[in-house]
Structure formats: C-alpha cells, structure tokens
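The values are calculated or read from the model by the stated rules, or taken from the named source; none is laboratory data. Bear in mind the structure is a predicted one, so any value in this text is a computation, not a measurement. A quick note on method: Cβ atoms are made from the backbone with ideal geometry, for glycine too, and the neighbour counts reach across all protein chains shown. To get the accessible areas, we keep the full protein, side chains included, count just its heavy atoms, and leave off ligands, DNA and RNA. Shrake-Rupley method; radii C 1.70, N 1.55, O 1.52, S 1.80 Å.
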Amino acid sequence: MVDTLIALVLVLVALGGTAVVLTRDPLPQAMTASFYGLLLGILFLLLQAPDVAFSQIVVGAVALPLMILLALAKVRGRAE
C-alpha cells in the first residue's frame, strides 16, 4: 500500500516538475512551483523524513513563491 502511494506521488512530482518548466508566465509559474514544493514535501513525509518534509514545505511551498511574487511586484512597479 505504501509503495503504491510513493509511486503515485513520484509520478505526481514528475508531472509537477514538468508543469513548472513548461509554464511560461511568471505568476502562474510561481503558483505551480508552490504546488511542486508541496508535492515534494508530501513525498519526503512518505519516505519518513518529517524534518526534511517540513523544511521543504516552508521553503518550497511558501518562501520561494512569496519571493517570486515580491520580485514580480517590484519589477512591474518599476515598469509603470
């Protein structure tokens, strides 16, 4: 059961990574990257690494997209 769940999450991680690469617009790419970070956190949790999972969720699903959004806001603010 757990092996099947890990395989499913691995497939979702692969699809999520592909989606991040194929997304061209920065705003949707930030949201896709956030979802990808959450998927990686779930994978680490299933692989029994809760400390790494927590770090990944905080950095990959919250901090990185927030930094991207703040950078986009600053760049778009200068353009106006």
remark   = Diffing the range 64-75: the Karplus 3J(HN,Hα) column from phi (6.51, -1.76, 1.60, θ = phi - 60°), in whole Hz with x for Gly and Pro, holds 4, x, 5, 5, 5, 5, 5, 5, 4, 5, 5, 5
remark   = Computed over the chain: longest principal axis from alpha-carbon atoms vs helix 26-46 long axis, angle to nearest 10 degrees, is 20 degrees
task = Could you run the Karplus curve 6.51 cos²θ - 1.76 cosθ + 1.60 with θ = phi - 60° over the range 5-19 and give me ³J(HN,Hα) per residue in whole Hz, x for Gly and Pro?
result = 5, 5, 4, 5, 5, 4, 5, 5, 5, 5, 5, x, x, 5, 5
note = SASA check, THR4, accessible area w/ 1.4 Å probe, all protein chains in place, rounded to nearest 10 Å², comes out at 100 Å²
ask   = Within the accessible area of the chain, what % is carbon and sulfur when the probe is 1.4 Å and the other protein chains stay in place?
value = 74 percent
task = Calculate for the chain the 222 nm mean residue ellipticity that helices alone would give, adding -39,500 (n - 2.57) per DSSP H run of length 4 or more and normalising by residue count, nearest 500 deg cm²/dmol.
result = -28000 deg cm²/dmol
ask   = Taking R0 as 35 Å, what's the FRET efficiency between GLN48 and LEU69 from their Cβ-Cβ distance, rounded to 0.05?
value = 0.60
key: Net length gained if the chain between VAL59 and LEU12 were fully extended (0.36 nm per residue, minus Cα distance)   = 15.0 nm
task = Can you tell me the relative contact order of the chain? Whole percent, Cα pairs under 8 Å, sequence separation 6 or more.
result = 28 percent
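Treating the beta-carbon of each Lys and Arg as +1 and of each Asp and Glu as -1, no other charges, what is the dipole magnitude of the chain about its Cα centre, to the nearest 20 debye? Each step should come with its number before you reach the end.
Details: 4 positive and 4 negative charges, 73 e Å.
Using Cβ point charges on Lys, Arg, Asp and Glu, the chain gives about 360 debye.
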